[in-house]
Ligand SMILES: [Zn+2]
Ligand SMILES: [Zn+2]
Ligand SMILES: [Zn+2]
């Protein structure tokens, strides 16, 4: 399995429009963060987690030409607003794409992208074509790949992270219930959100995300959904062994 981090930034991305801080003006490409998303290639199947606002730019940059399924974490703008460009995958490969999420997330996507779903209004191939798959938090299989939704809290709403084999991806989380923590044992790689140093009501900060990583002990943890408060090199220098900030373009291979 190969994982590519397409975006490691929080909802505004980094640099933030109009900001002149050291991270936003940094010459280090790892301080440039598009909105959070990853692409997973497992055998012949391409899975995207979220269609960030930067989806088009991200898949062009990563050289991705096809995908089979999209796992949505939740409905917030930074995670879904690139969805319209799914059209290019539909048209080029003449196919509908399977999308997955919990009921709340998929229902919200149906409202936001109503133009793509109204049978009377749509002209096929001019809208993103999706097959909706509603999930509860139990393991399911897609094209022979076992996928485990991890139900976590993002402030007061319940959203999904996902585990595939020894890899898990959790973003926009502020609390992981005990029983869901059990599903995250024995990982090789965990990608987990860590917004900034100060506490935030709906996202883990560095201290909370570090606590989770030290509890779960994956071989490697990468932090994502990062704002400009966290300069890449300076932050990494202060993190414990086995924990680093992710960056756009990071590639991870897992057996
Ligand atoms: Zn977000
Ligand atoms: Zn800044
Ligand atoms: Zn969110």
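The values are calculated or read from the model by the stated rules, or taken from the named source; none is laboratory data. Bear in mind the structure is a predicted one, so any value in this text is a computation, not a measurement. No Cβ is skipped: glycine too gets one built from the backbone with ideal geometry, and neighbour counts run over all protein chains shown.
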Q: Being at pLDDT 95 or above, part of a helix (DSSP H, G or I) and either more than 23 Å from the chain's Cα centre (by Cα) or closer than 26 Å to residue 9 by Cβ (or both) is the filter here, so list the residues in the range 93-123 that pass it.
A: 93, 104, 105, 106, 108, 109, 111, 112
Q) How many residues, within the range 198-219, are closer than 26 Å to residue 1 by Cα and more than 17 Å from the chain's Cα centre (by Cα)? A) 9
Q.
For the list (1) more than 16 Å from ligand 3 (Cβ to nearest atom); (2) within 27 Å of residue 230 (Cα to Cα); (3) out of contact with any helix residue (DSSP H, G or I) (no Cβ under 8 Å at 6 or more places or on another chain), I need the number of the one condition that residue 28 fails.
A. (3)
Q.
Please go through the range 228-240 and give me each residue that is part of a loop (DSSP other than H, G, I, E, B) and crowded, with 16+ Cβ neighbours inside 10 Å, ordered by number.
A. 228, 229, 230, 231, 239
Q: Check every one of the strands (runs of 3 or more DSSP E) wholly within the range 124-227 and list those with 1 or more residues that are free of Cβ contacts under 8 Å to residues at least 12 places away in the same chain and under 30 Å from residue 94 (Cα atoms).
A: 140-142
